[in-house]
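The values are calculated or read from the model by the stated rules, or taken from the named source; none is laboratory data. Since this is a predicted model, take the numbers as computed values, not measurements. Glycine gets a Cβ as well: all are built from the backbone with ideal geometry, and neighbour counts include every protein chain shown. What goes into the accessible areas is simple: the full protein's heavy atoms, side chains included, and nothing from ligands, DNA or RNA. Shrake-Rupley method; radii C 1.70, N 1.55, O 1.52, S 1.80 Å.
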Amino acid sequence: MATSIYTSELAATLAPDLLPRFERYVRIDTQSTRERTRSPSTPGQLELGRLLVTELTDAGLPDAELDEHGYVTATLAGNDGGDRVIGLIAHMDTSPDAPGAGVKPIVHRAYDGGVLELPRAGTRLDPARMPELADKQGHDIVTGSGDTLLGADDKAGVAEIVTAVAHLAAHPELPRPTLRIAFTPDEEIGEGATLFDIERFGAVCAYTLDGSALGELQDETFSAYEAVATIRGVDVHPGQATGKLVNALRLAAQIVAALPSERLTPETTSGREGFIHPLALTGTPAQAEVRAILRDFDEDRLEEHVALFERTAREVVGRHPRADLQLDVRRQYRNMHSYLAPVPYIIDAAAEAIRAEGIEPLRNPIRGGTDGSRLSEMGLPTPNIFTGGHEYHSVREWASVQEMAAAAATIVRLAEVWTRIGEPGAAA
């Protein structure tokens, strides 16, 4: 692959280390489960965590450790004479929304710009339907085999951080502050920050590597609720059900059908529009459950979405006096913007690093959330940086090696930027 395909010589230098790390990581099944009873929710995350501890230790971070909750942490000591500590964070788990076991990464070298036919399940990556893929001609594209996630969300971020800190450790002439590394479990189910020890982490701010397109720098996310409607019906043998049966599963389906379908859905909204997204309907005639996520950038509109979901469920179930409804609504995270707005120099530092890599920052809000959403609310300002992965949460997931290398190079440059930052707001 020609160096010119890369954003810089540094990125080209990092790619040969980055790609095999990424391939190792995605082969480990770290899919989280929403039925979490412990942290992490699945044992594969511990397997990856142990591997990461070994690789970080080998790279020269001797304090690398995996704690009892599945968090990996490590420190790369600074060489700038300062005492400021900057965090780098990515999550180890993958989404439960598509198959995640048995990932077999495929590297499509020097992509020719055409349709990528994956070997399983008839999966095709068509640039006519994927604008991000259309302009990647010449890149090395990594996919799964077509029947599983790839795991770029967020093992691309994990691989980029490990590659960058290994490079910094191997080149002590490169300036850096002290860097604290954390790899979190169960981010995909909203629990990545739940047991995160901010005080022990000891950073003044952090950056998640959990974005997508080249150059993304994000300081705004959705605010989020999860809502669960549990319906208890009246079950009886179907042959003797006349006038007796109240089918909870049918009522759950009616709730989903009664929610807006031409608006307030992920498939009909974009930009700053929010949505109500039913993501699971399960149960039996005796008891059924509708699980939904509700998202918006505006807190007042989000509360309206919650009210609409609750009102719809009550109206449907209320038409059947013998049925019972239980509503459970849980806040998952808040828009990080209000916590990051008072510390713009943190965003400015990342923007400077991205530009130093020859990329213009893309300042678009995240139609989702990151660990940084919770961490920023908890007191650790944590914006988000791109990784080069695309089509997340699907069997069409893919990543560009060149964009991943650009993200790793951006971390190296971010370290240098922070050695030139004096008092808050005084970035050089």
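Among the residues of region 359-370, are any touching a helix residue (DSSP H, G or I) at 6+ places or on another chain (Cβ under 6 Å) and of a type in the set (Val, Ile, Thr)?
Scanning region 359-370 turns up no residue that is touching a helix residue (DSSP H, G or I) at 6+ places or on another chain (Cβ under 6 Å) and of a type in the set (Val, Ile, Thr).
Answer yes if at least one residue in region 57-69 is at pLDDT below 95, assigned to a loop (DSSP other than H, G, I, E, B), over 20 Å from Pro185 (Cα atoms) and not basic (Lys, Arg), and no otherwise.
Among the residues of region 57-69, not one is at pLDDT below 95, assigned to a loop (DSSP other than H, G, I, E, B), over 20 Å from Pro185 (Cα atoms) and not basic (Lys, Arg), which makes the answer no.
Regarding region 12-21, can at least one residue be identified that is farther than 15 Å from His167 by Cα, out of contact with any Asp or Glu (no Cβ under 6 Å at 6 or more places or on another chain) and surrounded by 21 or more Cβ atoms within 10 Å (Cβ to Cβ)?
no
For region 170-188: of the residues being crowded, with 21+ Cβ neighbours inside 10 Å and hydrophobic (A, V, I, L, M, F, W, C), which is farthest from Asp154 (Cα to Cα)?
Here the answer is Leu179.
Picking from Asp63, Asp29, which residue would you name as being of a type outside the set (Ser, Thr, Tyr), over 21 Å from the mean Cα position of the chain (by Cα) and open to solvent by 20 Å² or more (accessible area, probe 1.4 Å)?
Unique residue meeting the criteria: Asp63.
Of all residues in region 237-249, count the ones that are surrounded by 16 or more Cβ atoms within 10 Å (Cβ to Cβ) and of a type outside the set (Gly, Ala, Ser).
4
Looking only at region 343-383, count every residue that is in contact with a Phe, Trp or Tyr (Cβ under 7 Å, 6 or more places away or on another chain), outside any loop (DSSP other than H, G, I, E, B) and open to solvent by less than 10 Å² (accessible area, probe 1.4 Å) and tell me the total.
The total comes to 5.
Which residue, of Ala90, Ala11, Ala101, is part of a loop (DSSP other than H, G, I, E, B) and of a type in the set (Gly, Ala, Ser)?
Values: Ala90 fails: part of a loop (DSSP other than H, G, I, E, B); Ala11 fails: part of a loop (DSSP other than H, G, I, E, B).
Answer to the check: Ala101.
Please return the ranges of strands (runs of 3 or more DSSP E) entirely within region 151-244 where 2 or more residues are at negative phi and of a type in the set (Asp, Glu).
Fully inside region 151-244 and qualifying: nothing.
Any idea how many residues of region 214-234 are in contact with a Gly (Cβ under 8 Å, 6 or more places away or on another chain) and under 21 Å from Pro266 (Cα atoms)?
Summing the residues that are in contact with a Gly (Cβ under 8 Å, 6 or more places away or on another chain) and under 21 Å from Pro266 (Cα atoms) in region 214-234 gives 5.
Within region 120-148, restricting attention to residues that are of a type outside the set (Ser, Thr, Tyr) and within 17 Å of Ala98 (Cα to Cα), which residue is surrounded by the most Cβ atoms within 10 Å (Cβ to Cβ)?
Within region 120-148, the match that is surrounded by the most Cβ atoms within 10 Å (Cβ to Cβ) is Gly144.
Does region 402-425 contain at least one residue that is at pLDDT 95 or above, within 19 Å of Ala12 (Cα to Cα) and not in a helix (DSSP H, G or I)?
no
State which residue is farthest from the chain's Cα centre (by Cα) when the search covers only region 270-298 and only residues that are of a type in the set (Asp, Glu) and open to solvent by less than 60 Å² (accessible area, probe 1.4 Å).
First, the residues of region 270-298 that are of a type in the set (Asp, Glu): 273, 289, 296, 298.
Those still in the list that are open to solvent by less than 60 Å² (accessible area, probe 1.4 Å) too: 289, 296, 298.
Working: Glu289: 26, Asp296: 17, Asp298: 21 Å.
Applying the filter and picking the extreme gives Glu289.
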